[in-house]
Every structure is written in C-alpha cells, then in structure tokens.
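K.L.:
Structure below; questions to follow.
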Ligand SMILES: C[S@@+](CC[C@H](N)C(=O)[O-])C[C@H]1O[C@@H](n2cnc3c(N)ncnc32)[C@H](O)[C@@H]1O
C-alpha cells in the first residue's frame with residue numbers, strides 16, 4: 001500500500017478512536033486534532049508504560065510468547081505488543097467497525113503474526129490458548145462477566161492483565177480501597193455507550209477468583225469521576241492462572257443501584273452472576289516493614305520478630321538465594337509454608353515444608369510473612385490483595 005492509498009483508507013475508515021502512527025507524519029488522528037483526543041492519547045501512553053512495567057515486574061519476556069488482546073478496539077495495543085516482541089498476537093473485538101480498522105492498520109504497517117477476529121465471548125472457542133491475555137476496558141461493557149472471565153481463563157496459560165472502571169469510596173490516591181460492599185456492582189446507561197456495569201474492586205477480585213484467576217497486583221489510576229456517592233476510578237489487575245479455586249464457593253453479588261431507565265435490567269440483561277466470594281477488605285499495615293533486602297538487615301529484623309513473637313508460626317515468602325543465605329535462623333517447626341510466585345516451585349517441599357502459591361497460603365491461617373526475596377517491593381504490593389485478613393510483615 002503506498003502513502004496515498006493509506007491516506008485514503010484512513011479517511012474512509014475515520015473517525016478513529018485511538019492514535020496510531022502509520023508512517024512519517026501520517027497518523028490515524030490528524031495532528032491538529034490531538035488536543036481534542038488528549039484523554040485517549042494520554043491513556044494510550046499510560047497503558048503502554050504500565051504494561052511494560054508489569055512485564056518487567058513479573059519477568060515476562062515477550063519472545064516466543066503468544067498474546068490475546070480481548071476487546072482490542074482498532075488494534076493499537078495489539079500492534080504495539082506485536083512490535084514489542086510477542087511472537088503472535090490475536091485481537092478480538094465485538095465491533096465489526098473496529099476490526100476493519102485493525103485489519104487495515106496491520107496490513108498498512110506490514111505486521112505479520114497479528115490477527116484480528118470479529119466477535120464476542122463465543123469466538124474465544126475458536127482461538128488457541130495463549131500465554132498472556134490483556135482484557136482492557138471490556139469488563140464494564142459485558143452482561144456476562146462470569147462467562148467472559150471463565151472463557152479467558154480457559155484460553156490463558158499464565159497471566160491475565162485486566163483493567164476496569166471501579167467504584168471507590170474515597171477520592172484520594174492514598175485510600176485506594178473501594179466500596180466496602182464485597183460484591184457491589186452498579187449498572188447504568190451511559191449516554192452513547194449503552195449499558196455499563198461498574199464494580200467495586202472487591203467484586204472484580206471475586207469475579208476473577210471465581211473464574212480461577214488469582215489477583216497478584218492492582219494499580220488504581222489517579223483520575224476519577226464522581227458517581228452517586230462513589231467515585232469511578234480505573235484499576236489495573238494482574239492475575240495468575242494457577243489458583244485451584246473453583247466457582248462453587250461463590251455467593252450472590254449485590255446490585256448497588258441502577259438508573260438504566262424503564263424496565264428491570266436484571267431481567268433484561270439476564271445477569272448471570274450467581275457467584276462471588278465475600279471477604280473483608282482488611283488492608284495490611286506495611287508501615288513498619290523492613291524494606292531492605294540486605295541479608296544482614298533482614299537477619300536482624302527477623303530474629304527480633306521471632307524473639308518478640310515466640311508463639312507465632314509464619315510463612316517465608318521466597319525460596320531463592322536470599323532465603324538460602326538466611327535459612328539457618330528460622331526454626332523449622334515455626335515455618336508454616338513457603339510462598340512462591342514461581343509456579344514451577346509450587347507443589348514441592350523443602351525439608352518437609354510445603355511450597356504454596358500466595359492464594360493457597362492465604363487460606364492456611366498464618367499470622368506473619370517473612371519476605372526473603374529480592375523482589376520484596378513487588379511482593380509487598382501483592383500481600384494486601386492476597387491476604388485479606390490481618391497478617392504481620394516484619
Ligand atoms: C473501552 S474500549 C477499550 C479498548 C482497548 N482495549 C483499549 O484499552 O484501548 C472497550 C472495547 O471492548 C469492545 N467490547 C465490548 N464488549 C465486548 C465483548 N463482549 N466482547 C469483545 N469486545 C467487546 C468494544 O467494542 C471496545 O472496542
């Protein structure tokens with residue numbers, strides 16, 4: 001396709017929801033209109049950076065990995081991730097119009113091993129399993145969140161990255177925890193957007209858990225919109241596929257309010273959520289945590305902790321070199337389990353003590369976690385979301 005043809009197609013397929021560069025000074029959204037689209041454009045920058053941070057934090061290298069971009073829109077993120085190095089990227093979107101745009105962009109940019117499929121949850125049956133799935137901005141729009149997440153779980157081998165508008169009580173960056181109702185959903189019509197469901201963060205975690213995902217990371221974006229006593233804020237979730245939980249533990253989600261106009265949306269939308277696990281949103285106090293990962297600092301802090309709490313049994317998070325350099329200080333009969341994010345280590349035993357995933361550990365009732373891993377900063381972000389009850393972290 002030459003430049004003139006590309007320009008004609010951009011014109012024919014406009015308006016464009018996202019900014020994509022096709023050639024030197026050739027964009028889906030003309031430069032003189034960028035101001036009008038500044039929210040979408042800055043969101044694209046933000047998402048791109050955030051995903052790179054997540055890949056970094058979770059040691060996800062794109063080579064030889066496949067990715068599904070569910071709700072891909074015009075394909076901007078799929079293209080960016082294919083260029084980033086993912087071996088094969090599949091984008092799926094329910095809108096025919098966005099898929100037409102996506103197919104045009106992929107061919108104009110001569111990107112191979114990038115495929116776009118038009119359809120909703122049902123087309124996932126035709127897609128092969130992938131290593132990583134991104135599902136950004138879709139959960140708020142589907143009437144079948146359970147079905148969607150279960151299908152994504154079936155299709156995903158390692159991690160799901162999901163973002164969603166969430167209801168939070170406080171409009172401050174520090175207080176990130178949301179509506180205190182475990183399973184809150186609000187449904188309403190948003191002008192021009194149709195039926196939209198907003199969830200409390202806990203409701204999203206519960207949905208993920210009931211579909212077999214384990215939330216290991218959350219990040220709340222600073223921007224917020226007021227809504228009937230709550231604020232709507234976008235939240236990114238990273239979830240692992242290795243939880244053994246199944247949906248049978250689940251309970252009813254509560255509907256917070258609906259202002260969707262005449263008629264009962266519960267009937268209209270045949271809302272299929274029967275399941276949700278209520279939990280207390282107890283945050284873990286990490287103010288006095290030893291942040292250093294120097295063995296000599298940890299040795300002192302952990303010996304001190306064990307002396308002050310002679311009756312407590314604890315978990316040790318990490319089984320790598322940092323743990324090895326400290327192992328002689330931990331009496332074996334006080335270690336309840338080892339916690340590992342590395343699933344290849346889970347299921348084994350070390351000196352008879354089981355190595356478990358974070359979510360398995362959270363059900364074992366331990367009272368403290370001694371982190372013996374160089375990834376301590378990342379783990380400290382994970383702990384509050386996995387361990388909903390009180391747990392001490394020296
Ligand atoms: C808010 S946009 C987000 C687009 C893109 N993921 C991003 O982050 O820029 C939501 C997208 O999901 C698509 N979508 C909504 N419901 C869907 C469903 N049930 N299945 C597939 N795509 C869906 C919409 O057509 C739209 O492109």
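The values are calculated or read from the model by the stated rules, or taken from the named source; none is laboratory data. Keep in mind that what you see is a predicted model, and the values were worked out from it rather than measured. Every residue, glycine as well, gets a Cβ built from its backbone with ideal geometry; the counts of neighbours run over all protein chains shown.
K.L.:
When residues of the range 285-321 are filtered for being in contact with a helix residue (DSSP H, G or I) (Cβ under 8 Å, 6 or more places away or on another chain), over 12 Å from residue 369 (Cα atoms) and at pLDDT 90 or above, how many remain?
P.N.:
Here the count works out to 4.
K.L.:
Another question, if that's okay. So residue 138 passes all but one of these: (1) surrounded by fewer than 21 Cβ atoms within 10 Å (Cβ to Cβ); (2) within 27 Å of residue 42 (Cα to Cα). Which condition number does it fail?
P.N.:
The number of the failed condition is (1).
K.L.:
Please find, within the range 130-161, the residue that is farthest from the chain's Cα centre (by Cα) out of those that are under 16 Å from residue 73 (Cβ atoms) and more than 10 Å from the ligand (Cβ to nearest atom).
P.N.:
Step by step, filter the range 130-161, then rank; the result is 133.
K.L.:
Going through 338, 330 one at a time, which residue ends up being surrounded by 14 or more Cβ atoms within 10 Å (Cβ to Cβ), at pLDDT 95 or above and farther than 27 Å from residue 217 by Cα? Before you say what the answer is, go through the steps one by one.
P.N.:
Numbers: 338 fails: farther than 27 Å from residue 217 by Cα.
None of the others qualify; the one that does is 330.
K.L.:
Could you count how many residues in the range 100-113 are assigned to a helix (DSSP H, G or I), more than 19 Å from residue 2 (Cβ to Cβ) and more than 13 Å from the ligand (Cβ to nearest atom)?
P.N.:
Number satisfying all stated conditions: 0.
K.L.:
Right, something else. Of the residues 187, 106, 102, which is in the same structural domain as residue 66 (by TED's automatic domain parsing), buried (at least 17 other Cβ atoms within 10 Å of the Cβ) and modelled with pLDDT under 95?
P.N.:
Values: 106 fails: modelled with pLDDT under 95; 102 fails: modelled with pLDDT under 95.
After ruling out the rest, the residue left standing is 187.
K.L.:
Report the residue count in the range 51-73 for those that are surrounded by fewer than 17 Cβ atoms within 10 Å (Cβ to Cβ) and either part of a helix (DSSP H, G or I) or on the phi < 0 side of the Ramachandran plot (or both).
P.N.:
The qualifying residues number 6.
K.L.:
Report, by residue number, each residue of the range 53-73 that is touching a helix residue (DSSP H, G or I) at 6+ places or on another chain (Cβ under 9 Å) and away from the ligand (no atom under 15 Å from the Cβ). Write out each step before concluding.
P.N.:
Initially, the range 53-73 is screened for residues touching a helix residue (DSSP H, G or I) at 6+ places or on another chain (Cβ under 9 Å), giving 55, 57-58, 60-62, 67-73.
If the condition is that a residue be touching a helix residue (DSSP H, G or I) at 6+ places or on another chain (Cβ under 9 Å) and away from the ligand (no atom under 15 Å from the Cβ), then 55, 57, 58, 60, 61, 62 are the ones that fit.
K.L.:
Show the residue pairs meeting these rules: Cβ distance below 6 Å; 6+ apart or different chains; first residue within the range 15-27 and closer than 10 Å to residue 75 by Cα and away from the ligand (no atom under 14 Å from the Cβ); second residue assigned to a strand (DSSP E or B) and at pLDDT 95 or above.
P.N.:
Listed pairs, sorted by first residue: none to list.
K.L.:
Looking at (1) in contact (Cβ under 8 Å) with a residue 24 or more places away in the chain; (2) assigned to a helix (DSSP H, G or I); (3) within 14 Å of the ligand (Cβ to nearest atom); (4) over 19 Å from the mean Cα position of the chain (by Cα), which is the one condition that is false for residue 122?
P.N.:
(1)
K.L.:
Any idea which residue in the range 28-38 is surrounded by the most Cβ atoms within 10 Å (Cβ to Cβ), counting only those that are within 16 Å of the ligand (Cβ to nearest atom) and outside any loop (DSSP other than H, G, I, E, B)? If you could, list the steps in order and put the result at the bottom.
P.N.:
So in the range 28-38, the residues within 16 Å of the ligand (Cβ to nearest atom) come out as 28-29, 37-38.
Now drop any that are not outside any loop (DSSP other than H, G, I, E, B), which leaves 37-38.
Values: 37: 19, 38: 9.
Looking at residues that are within 16 Å of the ligand (Cβ to nearest atom) and outside any loop (DSSP other than H, G, I, E, B), I get 37.
K.L.:
Turning to a different aspect of this structure: What residue, of 312, 349, is farther than 28 Å from residue 53 by Cβ, touching a residue at least 60 places away in the same chain (Cβ under 8 Å) and either in the same structural domain as residue 59 (by TED's automatic domain parsing) or surrounded by fewer than 17 Cβ atoms within 10 Å (Cβ to Cβ) (or both)?
P.N.:
On the way: 349 fails: touching a residue at least 60 places away in the same chain (Cβ under 8 Å).
After applying the criteria, what remains is 312.
K.L.:
Which pairs do you get when a residue that is in contact (Cβ under 8 Å) with a residue 60 or more places away in the chain and within 23 Å of residue 45 (Cβ to Cβ), found in the range 74-98, comes within reach of a residue that is within 11 Å of the ligand (Cβ to nearest atom) and outside any strand (DSSP E or B), reach meaning Cβ atoms under 7 angstrom, with the pair 6+ apart or on two chains?
P.N.:
Qualifying pairs under 7 Å: 98/73; 98/74.
K.L.:
Would you be able to tell me the number of residues in the range 74-99 that are in contact with a strand residue (DSSP E or B) (Cβ under 7 Å, 6 or more places away or on another chain), within 11 Å of the ligand (Cβ to nearest atom) and assigned to a helix (DSSP H, G or I)?
P.N.:
The qualifying residues number 4.
K.L.:
So is residue 11 at pLDDT 95 or above and more than 16 Å from the ligand (Cβ to nearest atom) or not? Quick ask: steps written out before the conclusion?
P.N.:
Details: at pLDDT 95 or above: yes; more than 16 Å from the ligand (Cβ to nearest atom): yes.
Yes, satisfied.
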